[in-house]
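Novice: Sharing a structure with you now.
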Amino acid sequence: MTTTKTPSCPFAASRRGFLLGAGAIAAAGGGAGAAIAAESEAARPQVADAPIAHSDARRRTPFYGVHQAGVVTPRPACGIVAAFDLVAANPEELQTLFRKLTERIAFLTQGGRAPDRDPKLPPADSGILGPVIEPDELTVTVSVGDSLFEDRAWLKPLKPKTLMRMAGFPNDALVARSCHGDVLLQFCANSQPTNIHALRDIIKNTSDSMVLRWRQEGSVPVVPPQPDGKSESARNFLGFRDGSANPDSNDDALMEKIVWVGAGDPDEPKWAHGGSYQVVRLIRMLVEDWDRTPLGEQERIFGREKWSGAPLGVLGGSEHDIPDYAADPKGDLTPLTAHMRLANPRRPETEANLIVRRGFNFSNGVTKSGHLEDGLLFLSYQADLAQGFLAVQSRLNGEPLEEYIKPFGGGYFFVLPGVRDESDYLGRSLIEAIA
Amino acid sequence: MTLANRLKMGALAAALCAPGLAWATQEAPLDLVQPIADYKLYVAVHTEKLIADATKFVAAIKAGDTKTAKALYAPTRMNYEAVEPVAELFSDLDSALDSRADDHEKKEEDPGFTGFHRLEYGLWEKNSTQGLSETADKLLADAKELHARIVKLTFPPEKVVGGAAALMEEVAKTKISGEEDRYSHTDLWDFKANFDGSQKIFVLLEPVLAKKDPDFVKKVAENFTVVDATLAKYRTAEGYEPYDKLSEPDRTVLSAKVNALAEDLSTLRGKLGLN
Ligand code: HEM
């Protein structure tokens, strides 16, 4: 399978290629001037030409591994989560679905040519990426929800230890249509059409056993490369850098502890080793109100300086500086109610509550009163739901930030262990564990 | 003249005077001639029944008998829903008979909102037959016109064959969500009619398909069976339970199987060599 552009690749027959060809003919008859004119015209795109992708369009994120991709791999610019209800009455049907998902995801994430079919038949592929599908660093991460286990007696005994149905918190206004699901697919790629293409492919190929329940798209702002090669956390729709204090996702040992369920979790079913608890929260932000809030107050709500992302009081600091709460017991620098201080008080006993956040921003539409329906597609990963998200959220309940946010959807899921090689498939350990 | 004979005459007349329809009809391959003729009969039987049922339905409305009119609404509609792929070919009649309030700018108050759903709105939301007389007369006249046009129509083979998937798509789009009959909640009646219409087409084509792709026939037949069995749980003496009785797990099963049927049946045209 190759994704290099060869002359036989249909992309080569673009309008620009045609103009260059025309230029060459003109040059033969009309001298060098015509050729230059034609070339400069060729370099000037037409209004509706496809924007040129970054070189990342041909990069792939490996599909096979002990863990699924899309959890501790770097988050690209665009994401979609889609929750489904399942029709799987027995282990065989569930296995068939898992194998199908494995086959589609292995193809979509690595890219290649869409199969050709008799033109009398509906095409196998939606075609929105053209005949050759570029991988675009796509990852598709499959996780399963509480209801998958609870609604099936043969799966119930195998439910991960702390998986449960999401219940509302005091500031939530949950909308049934945007909550829960038997299976969640998380798509991440450099561009949203790549995610949409993958979603449509999977819907088409699994329609006999999965019914779409809800979905949410999101993205994060892209930034130009920095001269020193360093990267920074992406900003959320409140204008703050989000992700600064995340545990180091390149530290494998740390990730084994914080994110992945493994041998260190004796109470977890064995099949779940290599998986992770995933929290999805659809959180609306009241951005108009936020934009009318003084900068100082905004910064105190989070405990961070808006532009640099540095903890408050660290002069000339960076987002990676570590706040010293022990030296600030009354909250003179970082208010005791600041989001980040509540989320992580940095005491020895709260070490067990660390989580990895990997969210996206969404903008959905307009409310009846003419306000933007923007917000955060919050995604977090942890080795224990109760110790991770639930503990953190219970400390955040009642925080000043709540005046500007309204969670309305999402759910709790468990990311299946990775697919090791071509003979393996998603969910194999679960299927094999069914008594 | 028998209905079958009239249909033959109609087909002849249509062939001679080229109907002013917007699509180009392709010649039916030889092995599809009989299934299409049989299907035409099926459709005409339904439109004839539509006229008979609508006559009683309209009479009840005009007599101010809300209760009887309500009881006749869903069974009358079923005749239309079963043959929708063909009925829809006449877009003027389809929108007069079957458009929903959503299709109109002023929704329920829009003067263009007529037909079944306008009557449904009056009967259930207003619980009255008041002011419905004119709409009711128009419904009957449109039903008669539909039947007259269908009898004269040369059935385009790709519309007949494609109709099996189209009916399942209908179900998948609006019936499964309870959006179609939002005042009366009789969506499961429509569901059943769409289902029957789709299955009828499949059964007529089955002998041809079985020769070409027996595995496909088996898979589709299985999905039809699951849908039929699930729907049967909601049967009542008169017809079907209201939509809100449909359980969440059954809704998921129906959704998945209907989507799968739409997906598989969408390959029928290609499998039978139609463009
Ligand atoms: C719309 C809602 C939210 C917004 C706008 C928001 C924003 C932020 C910002 C700007 C930071 C500081 C930078 C950083 O360390 O990433 C932060 C930190 C953090 N947030 Fe949130 N957040 C939201 C919801 C949540 C939720 C629901 C949780 C989990 C229950 C959470 C957990 C955390 C954690 C654990 C930290 C890191 C604290 C630290 O280690 O210092 N956040 N958040």
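Novice: Given the structure, is B:Glu206 part of a helix (DSSP H, G or I), within 14 Å of chain A (Cβ to nearest Cβ), without any contact (Cβ under 8 Å) to a residue 40 or more places away in the chain and within 30 Å of B:Ala37 (Cβ to Cβ)? Give the steps one after another, and end with the answer.
Specialist: Details: part of a helix (DSSP H, G or I): yes; within 14 Å of chain A (Cβ to nearest Cβ): no; without any contact (Cβ under 8 Å) to a residue 40 or more places away in the chain: yes; within 30 Å of B:Ala37 (Cβ to Cβ): yes.
It is false that B:Glu206 is part of a helix (DSSP H, G or I), within 14 Å of chain A (Cβ to nearest Cβ), without any contact (Cβ under 8 Å) to a residue 40 or more places away in the chain and within 30 Å of B:Ala37 (Cβ to Cβ).
Novice: Report whether or not B:Asp215 is farther than 19 Å from A:Leu121 by Cα, more than 8 Å from chain A (Cβ to nearest Cβ) and either in a helix (DSSP H, G or I) or in contact with a Lys or Arg (Cβ under 7 Å, 6 or more places away or on another chain) (or both).
Specialist: Details: farther than 19 Å from A:Leu121 by Cα: no; more than 8 Å from chain A (Cβ to nearest Cβ): yes; either in a helix (DSSP H, G or I) or in contact with a Lys or Arg (Cβ under 7 Å, 6 or more places away or on another chain) (or both): yes.
The answer is no for B:Asp215.
Novice: Which one of A:Glu305, A:Glu349 is over 19 Å from A:Arg395 (Cβ atoms), at pLDDT 95 or above and more than 10 Å from the ligand (Cβ to nearest atom)?
Specialist: Numbers: A:Glu349 fails: over 19 Å from A:Arg395 (Cβ atoms).
Step by step, each of A:Glu305, A:Glu349 is checked, and only A:Glu305 is over 19 Å from A:Arg395 (Cβ atoms), at pLDDT 95 or above and more than 10 Å from the ligand (Cβ to nearest atom).
Novice: Exactly one of (1) more than 9 Å from the ligand (Cβ to nearest atom); (2) over 25 Å from the mean Cα position of the chain (by Cα); (3) surrounded by 19 or more Cβ atoms within 10 Å (Cβ to Cβ) is unmet by A:Pro329. Its number?
Specialist: Every condition holds for A:Pro329 apart from (3).
Novice: Moving on. Failed condition for B:Asp102, given (1) buried (at least 20 other Cβ atoms within 10 Å of the Cβ); (2) modelled with pLDDT under 95, with all others met?
Specialist: All conditions are met except number (1).
Novice: Taking region A:315-331 on its own, how many of its residues are more than 24 Å from A:Asn353 (Cα to Cα) and touching a residue at least 12 places away in the same chain (Cβ under 8 Å)?
Specialist: Looking only at that region, the number is 1.
Novice: Does region A:188-199 contain at least one residue that is within 14 Å of chain B (Cβ to nearest Cβ), surrounded by fewer than 21 Cβ atoms within 10 Å (Cβ to Cβ) and not in a loop (DSSP other than H, G, I, E, B)?
Specialist: Keep residues of region A:188-199 that are within 14 Å of chain B (Cβ to nearest Cβ), which gives none.
No, region A:188-199 contains no residue that is within 14 Å of chain B (Cβ to nearest Cβ), surrounded by fewer than 21 Cβ atoms within 10 Å (Cβ to Cβ) and not in a loop (DSSP other than H, G, I, E, B).
Novice: Run down B:Ala141, B:Ala96, B:Ala136 and say which single residue is free of Cβ contacts under 8 Å to residues at least 12 places away in the same chain and within 21 Å of B:Lys62 (Cβ to Cβ).
Specialist: After ruling out the rest, the residue left standing is B:Ala141.
Novice: Which residue, of B:Asn127, B:Asn194, is at pLDDT 95 or above and at positive phi? Talk me through it step by step, then tell me what you get.
Specialist: Details: B:Asn194 fails: at positive phi.
Answer to the check: B:Asn127.
Novice: Another one. If you take the residues in region A:352-385 that are among the aliphatic types (A, V, I, L, M) and more than 13 Å from the ligand (Cβ to nearest atom), which one is surrounded by the fewest Cβ atoms within 10 Å (Cβ to Cβ)? First the steps, then the outcome.
Specialist: First, the residues of region A:352-385 that are among the aliphatic types (A, V, I, L, M): A:352, A:354-356, A:366, A:372, A:376-377, A:379, A:383, A:385.
Subset that is more than 13 Å from the ligand (Cβ to nearest atom): A:366, A:372, A:383.
Values: A:Val366: 10, A:Leu372: 16, A:Ala383: 24.
This residue is A:Val366.
Novice: Please determine, by comparing only the residues of region B:229-246 that are in contact (Cβ under 8 Å) with a residue 24 or more places away in the chain and part of a helix (DSSP H, G or I), which one is nearest to the other protein chains (Cβ to nearest Cβ). Outline the logic, then answer.
Specialist: Within region B:229-246, the first condition is being in contact (Cβ under 8 Å) with a residue 24 or more places away in the chain, and the residues that meet it are B:230-231, B:234, B:238-244, B:246.
Filter once more, keeping what is part of a helix (DSSP H, G or I): B:230-231, B:243-244.
Numbers: B:Thr230: 10, B:Leu231: 15, B:Tyr243: 16, B:Asp244: 14 Å.
Out of the qualifying residues, it is B:Thr230.
Novice: I'd like to check something: does region A:267-277 contain any residue that is at pLDDT 95 or above, more than 14 Å from chain B (Cβ to nearest Cβ) and either within 30 Å of A:Glu373 (Cβ to Cβ) or within 13 Å of the ligand (Cβ to nearest atom) (or both)?
Specialist: Yes, region A:267-277 contains at least one residue that is at pLDDT 95 or above, more than 14 Å from chain B (Cβ to nearest Cβ) and either within 30 Å of A:Glu373 (Cβ to Cβ) or within 13 Å of the ligand (Cβ to nearest atom) (or both).
Novice: Tell me which residues, restricted to region A:393-435, are within 12 Å of the ligand (Cβ to nearest atom), among the small types (Gly, Ala, Ser) and either crowded, with 18+ Cβ neighbours inside 10 Å or within 14 Å of chain B (Cβ to nearest Cβ) (or both).
Specialist: A:Gly410
Novice: Now a separate question. Within region A:200-215, which residues are more than 8 Å from chain B (Cβ to nearest Cβ) and among the basic types (Lys, Arg)? Don't jump to the end; show me each part of the working.
Specialist: Quick first cut of region A:200-215, residues more than 8 Å from chain B (Cβ to nearest Cβ) only: A:200-203, A:205-206, A:212-215.
If the condition is that a residue be more than 8 Å from chain B (Cβ to nearest Cβ) and among the basic types (Lys, Arg), then A:Arg200, A:Arg213, A:Arg215 are the ones that fit.
Novice: Sticking with this structure for a sec: Just checking, which of A:Val144, A:Val140 is among the hydrophobic types (A, V, I, L, M, F, W, C), closer than 25 Å to A:Asp56 by Cβ and crowded, with 21+ Cβ neighbours inside 10 Å? Even if it seems obvious, please write down each step before you answer.
Specialist: Working: A:Val144 fails: closer than 25 Å to A:Asp56 by Cβ.
Matching residue, one of A:Val144, A:Val140: A:Val140.
Novice: Using the structure shown, decide if A:Ser231 is of a type in the set (Gly, Ala, Ser), exposed (fewer than 15 other Cβ atoms within 10 Å of the Cβ) and assigned to a loop (DSSP other than H, G, I, E, B).
Specialist: Working: of a type in the set (Gly, Ala, Ser): yes; exposed (fewer than 15 other Cβ atoms within 10 Å of the Cβ): yes; assigned to a loop (DSSP other than H, G, I, E, B): yes.
Yes.
Novice: Only one of these conditions is not met by B:Gly64: (1) part of a helix (DSSP H, G or I); (2) at pLDDT 95 or above. Which number is it?
Specialist: Condition (1) is where B:Gly64 drops out.
Novice: Answer yes or no as to whether A:Pro225 is more than 14 Å from the chain's Cα centre (by Cα) and either surrounded by 15 or more Cβ atoms within 10 Å (Cβ to Cβ) or in a loop (DSSP other than H, G, I, E, B) (or both). Can you show your working first?
Specialist: Working: more than 14 Å from the chain's Cα centre (by Cα): yes; either surrounded by 15 or more Cβ atoms within 10 Å (Cβ to Cβ) or in a loop (DSSP other than H, G, I, E, B) (or both): yes.
When the stated conditions are applied, A:Pro225 passes them.
Residues checked against (1) at pLDDT 95 or above; (2) within 14 Å of chain B (Cβ to nearest Cβ):
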residue	(1), (2)
A:Leu108	yes, no
A:Pro119	no, yes
A:Ile128	yes, no
A:Ser147	yes, yes
A:Leu163	yes, no
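Novice: Out of the residues in region A:370-422 that are hydroxyl-bearing (Ser, Thr, Tyr) and over 17 Å from the mean Cα position of the chain (by Cα), which is farthest from A:Gly274 (Cα to Cα)?
Specialist: Of all residues in region A:370-422, those hydroxyl-bearing (Ser, Thr, Tyr) come to A:380-381, A:394, A:404, A:412.
With the extra rule that they be over 17 Å from the mean Cα position of the chain (by Cα), the set shrinks to A:394, A:404.
Numbers: A:Ser394: 27, A:Tyr404: 36 Å.
Checked region A:370-422; the qualifying residue farthest from A:Gly274 (Cα to Cα) is A:Tyr404.
Novice: Being within 13 Å of the ligand (Cβ to nearest atom), among the basic types (Lys, Arg) and over 30 Å from A:Ala82 (Cβ atoms) is true for just one of A:Arg281, A:Arg341, A:Arg292. Which residue is that? Can you show your working first?
Specialist: Working: A:Arg281 fails: over 30 Å from A:Ala82 (Cβ atoms); A:Arg292 fails: within 13 Å of the ligand (Cβ to nearest atom).
Of the residues listed, the single one that is within 13 Å of the ligand (Cβ to nearest atom), among the basic types (Lys, Arg) and over 30 Å from A:Ala82 (Cβ atoms) is A:Arg341.
Matching residues to (1) more than 9 Å from chain A (Cβ to nearest Cβ); (2) crowded, with 17+ Cβ neighbours inside 10 Å; (3) free of Cβ contacts under 8 Å to residues at least 40 places away in the same chain; (4) of a type in the set (Val, Ile, Thr):
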| position | (1), (2), (3), (4) |
| --- | --- |
| B:Glu248 | no, no, yes, no |
| B:Val253 | no, yes, yes, yes |
| B:Asn259 | no, yes, no, no |
| B:Arg269 | no, yes, no, no |
| B:Leu274 | no, yes, no, no |
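Novice: Taking the conditions exactly as written (over 22 Å from the mean Cα position of the chain (by Cα), free of Cβ contacts under 8 Å to residues at least 40 places away in the same chain and within 14 Å of the ligand (Cβ to nearest atom)), does A:Leu312 satisfy them or not? Please lay out each step first, then the result.
Specialist: Values: over 22 Å from the mean Cα position of the chain (by Cα): yes; free of Cβ contacts under 8 Å to residues at least 40 places away in the same chain: yes; within 14 Å of the ligand (Cβ to nearest atom): yes.
Criteria met by A:Leu312.
Novice: List the residue pairs whose Cβ atoms are under 9 Å apart, where the first residue sits in region A:75-94 and is away from chain B (no Cβ under 14 Å), the second is of a type in the set (Asp, Glu), and the two are 6 or more positions apart or on different chains.
Specialist: Hits for this filter: A:Pro76/A:Asp56; A:Pro76/A:Asp136; A:Pro76/A:Glu137; A:Cys78/A:Glu217; A:Gly79/A:Glu217; A:Ile80/A:Glu217; A:Val81/A:Glu217.
Novice: How about region A:98-131: which of its residues are touching a strand residue (DSSP E or B) at 6+ places or on another chain (Cβ under 7 Å) and buried (at least 18 other Cβ atoms within 10 Å of the Cβ)? Before you say what the answer is, go through the steps one by one.
Specialist: As a first pass, look at region A:98-131 and keep what is touching a strand residue (DSSP E or B) at 6+ places or on another chain (Cβ under 7 Å): A:101, A:105, A:108-109, A:111-114, A:131.
Matches in region A:98-131: A:Leu101, A:Ile105, A:Leu108, A:Thr109, A:Gly111, A:Ala114.
Novice: What's the number of the only condition in (1) within 15 Å of the ligand (Cβ to nearest atom); (2) touching a helix residue (DSSP H, G or I) at 6+ places or on another chain (Cβ under 8 Å) that A:Leu254 fails to meet?
Specialist: Unmet for A:Leu254, out of (1) within 15 Å of the ligand (Cβ to nearest atom); (2) touching a helix residue (DSSP H, G or I) at 6+ places or on another chain (Cβ under 8 Å): (2).
Novice: Going through region A:315-326 one residue at a time, which ones are part of a loop (DSSP other than H, G, I, E, B), out of contact with any Pro (no Cβ under 9 Å at 6 or more places or on another chain) and either more than 28 Å from A:Phe362 (Cα to Cα) or away from the ligand (no atom under 14 Å from the Cβ) (or both)? Reasoning before the result, please.
Specialist: Step one: list which residues in region A:315-326 are part of a loop (DSSP other than H, G, I, E, B), which gives A:315-324.
From what's left, out of contact with any Pro (no Cβ under 9 Å at 6 or more places or on another chain): A:315-316, A:318, A:320.
Answer for region A:315-326, where residues must be part of a loop (DSSP other than H, G, I, E, B), out of contact with any Pro (no Cβ under 9 Å at 6 or more places or on another chain) and either more than 28 Å from A:Phe362 (Cα to Cα) or away from the ligand (no atom under 14 Å from the Cβ) (or both): A:Leu315, A:Gly316.
The values are calculated or read from the model by the stated rules, or taken from the named source; none is laboratory data. Bear in mind that the values here come from a model prediction, so they are computed numbers and not experimental data. For neighbour counting, all protein chains shown are included, and Cβ atoms are generated from backbone atoms with ideal geometry for every residue, glycine included.
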